[in-house]
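Note sheet for the following structure.
The values are calculated or read from the model by the stated rules, or taken from the named source; none is laboratory data. In this text the structure is predicted, and so the values were computed from the model without any measurement. Backbone-built Cβ (ideal geometry, glycine too); neighbour counts: all protein chains shown.
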Amino acid sequence: MKCLVTGGNVKVLGKAVHSLSRIGDELYLDPLEDGLSLRTVNSSRSAYACFLFAPLFFQHYQAATPGQDLLRCKILMKSFLSVFRSLAMLEKTVEKCCISLNGQSSRLVVQLHCKFGVRKTHNLSFQDCESLQAIFDPASCPHMLRAPARVLGEAVLPFPPALAEVTLGVGRGHRVILRSYHEEEADSTVKAMVTEVCLGEEDFQQLQAQEGVAITFCLKEFRGLLSFAESANLNLSIHFDAPGRPAIFTIKDSLLDGHFVLATLSETDSYSQDLGSLERHRPVPQLQAHSTPHPDDFASDDIDSYMIAMETTIGNEGSRVLPSISLSPGPQPPQSPGPHSEEEDEAEPSTVPGTPPPKKFRSLFFGSILAPVGSPQGPSPVLAEDSEGEG
Amino acid sequence: MKFRAKIVDGACLNHFTRISNMIAKLAKTCTLRISPDKLNFILCDKLANGGVSMWCELEQENFFSEFQMEGFSAENNEIYLELTSENLSRALKTAQNARALKIKLTNKHFPCLTVSVELFSMSNSSRIATHDIPIKVIPRKLWKDLQEPMVPDPDVSIYLPVLKTMKSVVEKMKNISSHLVIEANLDGELNLKIETELVCVTTHFKDLGNPPLASESTSQDRNPEHMAEVHIDIRKLLQFLAGQQVNPTKALCNIVTNKMVHFDLLHEDVSLQYFIPALS
């Protein structure tokens with residue numbers, strides 16, 4: 001793989017890497033015929049991010065040397081980010097950036113051609129890996145809204161930078177409401193300040209959602225995409241479904257597109273009813289106290305048993321297979337919307353009424369995880385097609 | 001108890017925001033006292049505050065276009081609320097370019113001071129940001145601890161130098177010693193001194209001027225060059241100075257020898273009094 005980025009696009013690439021670094025610790029580089037894909041997922045699998053840079057984004061783009069297979073690799077986010085750490089420096093001094101990966105060398109080479117003849121070469125070690133693919137389909141989400149990133153950026157300003165989660169919903173009169181979300185604490189002597197921002201329908205280019213719907217997701221992760229979209233002056237679309245189903249954030253322009261898929265908190269039905277009260281400025285009443293483990297506590301969750309390893313590393317790094325799961329040999333499902341949405345629907349048992357699912361961020365990709373823990377398992381869902389060799 | 005107030009003037013809003021930022025730097029938690037004519041931010045000299053106390057007062061009609069309150073009772077027509085100062089300053093920060101700001105005492109699932117900001121937006125629709133600041137209503141029986149502190153007759157009263165300069169001096173001194181001596185005389189001289197085993201550092205400020213003394217007898221007895229001094233914790237002084245982002249309209253320092261230093265500032269029309277006790 002060999003590609004050359006020049007001029008202002010170097011900074012755009014750098015910004016994208018910064019965005020991705022807000023999500024995960026490993027960057028998956030996947031040179032496709034459609035362009036270069038940069039992907040990452042967070043450790044608890046509750047957030048996935050992907051940028052696809054079209055061939056036209058590059059001055060020169062070669063996905064694979066002719067006659068060779070497409071190579072893909074994953075590298076430490078920290079290492080890749082260090083090349084692009086100073087955006088100001090990228091803008092001021094870097095003229096060209098050349099990224100190359102060849103089968104023989106064991107290094108991903110990133111070369112920055114700077115002013116005054118200075119050339120900085122970074123040799124980053126990588127691991128071969130299978131493709132990181134999340135199963136999601138914006139078209140299957142019943143609700144969506146689209147606004148210039150700037151509008152959303154301004155809307156998010158009143159929230160403290162440290163705020164972890166935010167609830168996005170549609171209130172009466174189709175007003176879009178963002179509210180800070182705080183987990184209910186057992187020892188609630190010191191209450192946190194609750195901030196709510198209310199936007200009119202007119203601020204949105206498209207708003208397709210019923211009044212009363214709401215989702216809660218990680219603001220910090222969302223900010224990663226938002227800052228990129230603001231700097232590129234793009235519109236940001238949010239596709240969402242019921243609480244608990246992943247929310248899909250997308251941006252697009254002629255040269256690139258980005259998708260961030262974030263898990264949302266699943267709530268009881270009463271939550272969405274209470275949204276009617278948002279306009280009356282009553283905070284959403286706290287649900288019955290459920291334990292709300294930090295997303296990173298996922299590792300010990302039973303739900304992990306539904307997960308399928310997303311990638312296996314060649315050379316036996318130790319695949320991330322969790323005990324009792326059916327292993328799919330390196331899932332690489334094609335991104336056609338049809339079959340997947342069906343699979344997700346099949347595999348999704350309906351929530352047992354009257355049993356509030358615990359408030360947790362669900363692992364995204366293996367979609368169908370709305371069944372309360374401990375419910376009888378249906379036939380083990382096939383969540384990813386068997387890979388039929390590299391694309 | 002009821003309280004609702006509104007600010008529509010941009011300059012008033014900015015001023016109120018600056019005051020709130022200052023309070024947030026001076027006290028993590030403070031008491032807000034609401035009375036028909038005034039708003040006070042109060043820090044009383046509990047052990048938890050290290051003996052430091054603060055009394056900030058503003059006339060409500062200088063800020064609010066609407067102001068309605070109903071206190072605890074007709075005889076005690078006041079409201080005392082405890083809140084985290086940073087919450088208020090953060091809420092007001094949103095209001096930088098707002099059309100209007102409303103503050104109300106509300107009782108959503110817990111008692112709050114709700115700050116509602118109407119923002120300008122490109123489109124015709126209004127954009128509203130609301131902050132619910134959790135508060136604790138202070139019971140009537142504790143009000144007596146939250147009254148305006150008595151200012152004892154100072155030994156020396158002197159105008160302060162530019163606070164920014166004072167702050168940068170004290171900041172450097174903090175690295176050398178944890179306590180400092182502040183001394184001044186009636187001849188317009190103020191010194192900041194620190195002393196350790198290895199080194200003594202003194203910064204002299206001259207020609208500061210002294211306000212006319214309240215009590216005649218003190219001025220006659222006192223040699224104008226004689227310094228009144230007090231040992232204080234340097235961090236408390238630094239915290240006070242760090243809170244003054246803008247140079248005040250008037251800044252006065254009153255020293256009661258070996259007892260305390262009292263800072264009396266005026267930021268336009270808002271008065272701030274800050275008391276730092278002497279180290280025992």
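Of the residues that make up the range B:130-142, is at least one in contact with a Ser or Thr (Cβ under 9 Å, 6 or more places away or on another chain), touching a residue at least 12 places away in the same chain (Cβ under 8 Å), buried (at least 18 other Cβ atoms within 10 Å of the Cβ) and away from chain A (no Cβ under 11 Å)? Yes: one or more hits. Among the residues of the range A:65-108, just one is out of contact with any helix residue (DSSP H, G or I) (no Cβ under 8 Å at 6 or more places or on another chain), assigned to a strand (DSSP E or B) and farther than 26 Å from A:Gln133 by Cβ, namely A:Cys98.
Among the residues of the range B:84-113 satisfying the criterion of being among the basic types (Lys, Arg) and either within 18 Å of B:Ala24 (Cβ to Cβ) or part of a strand (DSSP E or B) (or both), which is farthest from the other protein chains (Cβ to nearest Cβ)? Ranking the candidates gives B:Arg99 first. Do the conditions hold for B:Glu61, that is, is it of a type in the set (Asp, Glu), in contact with a strand residue (DSSP E or B) (Cβ under 6 Å, 6 or more places away or on another chain) and either surrounded by fewer than 16 Cβ atoms within 10 Å (Cβ to Cβ) or more than 17 Å from B:His131 (Cβ to Cβ) (or both)? Judged against the criteria, B:Glu61 is not a match.
Among the residues of the range A:151-178, those that are more than 9 Å from every other protein chain (Cβ to nearest Cβ) and either among the basic types (Lys, Arg) or part of a helix (DSSP H, G or I) (or both) comprise A:Leu152, A:Gly153, A:Val156, A:Arg172, A:Gly173, A:His174.
Considering A:Glu230, A:Glu196, A:Glu202, A:Glu211, the condition of being of a type in the set (Asp, Glu) and closer than 30 Å to B:Ser85 by Cα is satisfied by A:Glu196 alone.
Among the conditions (1) out of contact with any strand residue (DSSP E or B) (no Cβ under 8 Å at 6 or more places or on another chain); (2) touching a residue at least 40 places away in the same chain (Cβ under 8 Å), the only one that B:Glu75 does not satisfy is (2). If you go through the range B:227-247 and pick out every residue that is surrounded by fewer than 22 Cβ atoms within 10 Å (Cβ to Cβ), outside any helix (DSSP H, G or I) and of a type in the set (S, T, N, Q), you end up with 2.
Per the listing B:Ser125, B:Ser116, the residue uniquely assigned to a loop (DSSP other than H, G, I, E, B), within 14 Å of another protein chain (Cβ to nearest Cβ) and closer than 25 Å to B:Arg4 by Cβ is B:Ser125.
Conditions (1) closer than 17 Å to B:Leu119 by Cβ; (2) touching a Ser or Thr at 6+ places or on another chain (Cβ under 7 Å); (3) among the basic types (Lys, Arg); (4) buried (at least 18 other Cβ atoms within 10 Å of the Cβ), marked per residue:
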position	(1), (2), (3), (4)
A:Arg150	yes, no, yes, no
A:Ala155	yes, no, no, yes
A:Pro161	no, no, no, no
A:Leu168	no, no, no, yes
A:Arg179	yes, yes, yes, yes
A:Val194	no, yes, no, yes
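Before we move on, is A:Val94 within 30 Å of B:Pro134 (Cβ to Cβ) and either modelled with pLDDT of 90 or more or not assigned by the TED database to the domain that holds A:Lys78 (or both)? In short, no. What do you reckon, is B:Phe64 within 26 Å of A:Val194 (Cβ to Cβ), more than 14 Å from every other protein chain (Cβ to nearest Cβ), in a strand (DSSP E or B) and of a type in the set (Phe, Trp, Tyr)? Against the criterion (within 26 Å of A:Val194 (Cβ to Cβ), more than 14 Å from every other protein chain (Cβ to nearest Cβ), in a strand (DSSP E or B) and of a type in the set (Phe, Trp, Tyr)), B:Phe64 does not qualify. A single member of B:Ala228, B:Ala242, B:Ala251 is over 30 Å from B:Arg18 (Cβ atoms) and among the small types (Gly, Ala, Ser), and it is B:Ala228. Applying the condition of being without any contact (Cβ under 8 Å) to a residue 60 or more places away in the chain and assigned to a loop (DSSP other than H, G, I, E, B) to the range B:150-173 and asking which residue is farthest from B:Lys193 (Cα to Cα) yields B:Met150.
In this structure, is B:Val181 β-branched (Val, Ile, Thr), over 30 Å from B:Cys12 (Cα atoms) and either assigned by the TED database to the domain that holds B:Leu163 or free of Cβ contacts under 8 Å to residues at least 60 places away in the same chain (or both)? Yes; evaluated as a whole, the condition is true for this residue.
Among what's in the range A:83-117 and is surrounded by 15 or more Cβ atoms within 10 Å (Cβ to Cβ) and hydroxyl-bearing (Ser, Thr, Tyr), pick the residue that is farthest from A:Leu29 (Cα to Cα). Out of the qualifying residues, it is A:Thr93. If we keep just the residues of the range A:179-208 that are part of a strand (DSSP E or B) and of a type in the set (S, T, N, Q), which is nearest to the other protein chains (Cβ to nearest Cβ)? Looking at the filtered set, the residue picked out is A:Thr195. Check the range B:204-211 and report whether any residue there is at positive phi, touching a residue at least 24 places away in the same chain (Cβ under 8 Å), in contact with a Phe, Trp or Tyr (Cβ under 7 Å, 6 or more places away or on another chain) and in a loop (DSSP other than H, G, I, E, B). Yes, the range B:204-211 contains a residue that is at positive phi, touching a residue at least 24 places away in the same chain (Cβ under 8 Å), in contact with a Phe, Trp or Tyr (Cβ under 7 Å, 6 or more places away or on another chain) and in a loop (DSSP other than H, G, I, E, B).
For residues in the range A:109-150 being touching a Lys or Arg at 6+ places or on another chain (Cβ under 7 Å) and outside any strand (DSSP E or B), which is nearest to B:Ala129 (Cα to Cα)? Looking at the filtered set, the residue picked out is A:Leu132.
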